[in-house]
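> First the structure, then my questions, so here it is.
What follows draws every value from the coordinates through simple rules; no lab data is involved. Fair warning: this is a prediction, and the values are worked out from it, not measured in the lab. Reconstructed Cβ throughout: ideal geometry from the backbone, glycine too, with neighbour counts over all protein chains shown.
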Amino acid sequence: MSDAFVRFYEQNVLDVYGYLIYRVGARAEAERLTQLTFERAAHHWRTLRSDPDGDRLRLFRIAREAASARRPATDGDDPGLDPDLANALSKLDRSARSVIALRWGANLAGPEIATVLGVTENTVRRRLSRGLRRLRTELDNDGARSNPAGLGAGGGEREQAPAPRPGGGPRDA
């Protein structure tokens, strides 16, 4: 494996895993999909090495495709997230969950999310706002402790959800 790919892996593995854990809600499956994502990226490394920022976004497209074709999680899988948050995320529609996963799991900003998903930034903002509102409702309905995800009452995009991995919280959008 080339040194450049090893550096690319090291710089992106936690964000890819973070995205996938939010997206699929099962630790073992997120680990498997992270591995699959980097196997596919290694296979296409010759074409990926052109633009560092674009390569990172293409990597998330690969991860998104892998997650879309995933096998269902089995009972007993460790969610890797706070159980209340994992349960609430599982009740979101696919588009809202994907935007939230890219925002807080992968630490991507709005324009980057729009590029990965192939939608406008306004669509990202709308899906994020609606998804966060629904997430708050689900957390409240589940009797979750007060504000476990750090979700404020304002509904804005800069609110923070917990990071499912080491390395800190989201970047400012």
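> Can you pull a Stokes-Einstein diffusion coefficient for the range 83-141 at 25 °C (0.890 mPa s), Rh from Kirkwood over Cα pairs, as a whole number of µm²/s?
Details: Rh = 11.4 Å.
Once the numbers are plugged in, D ends up at 216 µm²/s.
> Let me ask something else about it. Stokes-Einstein D for the range 3-68 at 37 °C, 0.692 mPa s, Kirkwood Rh over Cα pairs, in µm²/s? The partial results should precede the final answer.
Values: Rh = 11.7 Å.
The estimated diffusion coefficient comes to 281 µm²/s.
> Also, quick follow-up: What's the magnitude of the charge dipole for the range 83-141 around its Cα centre, counting Lys and Arg as +1 and Asp and Glu as -1 at the beta-carbon? Answer in Debye, nearest 20. Don't skip to the end; give the middle numbers.
Values: 11 positive and 6 negative charges, 39 e Å.
Magnitude of the dipole: close to 180 debye.
> Expressed as a rounded percentage, what relative contact order does the range 83-141 have, with Cα pairs under 8 Å and six or more residues apart?
Computed value for the range 83-141: 43 percent relative contact order.
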